[in-house]
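Asks: I'd like to ask some things about the structure below.
The values are calculated or read from the model by the stated rules, or taken from the named source; none is laboratory data. Computed from a prediction, not measured in an experiment: that's the story for all the values here. Surface areas here come from the heavy atoms of the whole protein model, side chains and all, with no ligands, DNA or RNA. Shrake-Rupley method; radii C 1.70, N 1.55, O 1.52, S 1.80 Å.
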Amino acid sequence: KSGNVEGLKASYDVADVFLGSIGGSMGEVSAIALILGGVYLIWRKVINWQTPVAYIGTVAVISLLFPKGGSGVEFMLYSVFGGGLMLGAIFMATDYATSPITKKGQLIFGIGCGFFLFLIRVFTKSAEGCSFAILFMNVLTPMIDRFTMPRPFGEVKKHG
């Protein structure tokens, strides 16, 4: 959990969390491996960069501005590299069926996921904050799509 930086620092160095030389759920402990996988998927155009970058970037900025322990940079690094954030941002939040269609919508979706993940991590004891944040934003996907879909040029809005 990112809420107790002092406990994490006593057990693991940030480099250990980044490289994956710590215990944890399979597929979420090596930030570097997940980042490389995400870059490969973006390069192959399997996923767009907007959602993962907005998701991870939002968590990084909010964690830096509102640290819950240690320095802001330490809290931010543990928040970004620890837990399931990388796995969720790269492989779960980019699911075609449940994420917004437009690039602008994907940015909004990622920012929302990051905001809710931070709130869940700080105010609850839930270990599945990343999944809950994505599920909450999945509910908002139709509304995000509705407001970010471009209208054809010359379309007249129907009144009624």
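Asks: Please tell me which of these pairs span more than 28 angstrom C-alpha to C-alpha: Lys45/Lys68; Lys103/Lys158; Lys104/Lys158; Lys104/Lys125; Lys103/Lys157?
Replies: Lys45/Lys68; Lys104/Lys125
Asks: How large is the Kirkwood hydrodynamic radius of the stretch 68-157, counting all unique pairs of alpha carbons, in Å?
Replies: In the stretch 68-157 this quantity evaluates to 14.3 Å.
Asks: Got a sec? What order do Lys125, Lys103 fall in by accessible area at 1.4 Å, biggest, i.e. largest, first?
Replies: Ranked list, largest accessible area first: Lys125, Lys103.
Asks: Could you rank Phe81, Phe147 by how accessible they are, 1.4 Å probe, largest area first?
Replies: Highest to lowest solvent-accessible surface, that is Phe147, Phe81.
Asks: Something else now. Tell me, what is the 1.4 Å probe accessible area of Asp95, in Å² to the nearest 10?
Replies: Counting only protein heavy atoms, the figure is 70 Å².
Asks: Pairs of alpha-carbon atoms within less than 8 angstrom and 6+ residues apart define the contacts here; what relative contact order does the stretch 40-150 have, in percent?
Replies: That works out to 31 percent.
Asks: Can you pull the accessible area of Thr94 for me, 1.4 Å probe, Å² to the nearest 10?
Replies: In the full protein context, Thr94 sits at about 20 Å².
Asks: Follow-up question, since we're still on this one. When the Kirkwood radius is taken over all Cα pairs of the stretch 27-90, what Stokes-Einstein diffusion coefficient follows at 20 °C and 1.002 mPa s, in µm²/s?
Replies: Result for D is 177 µm²/s.
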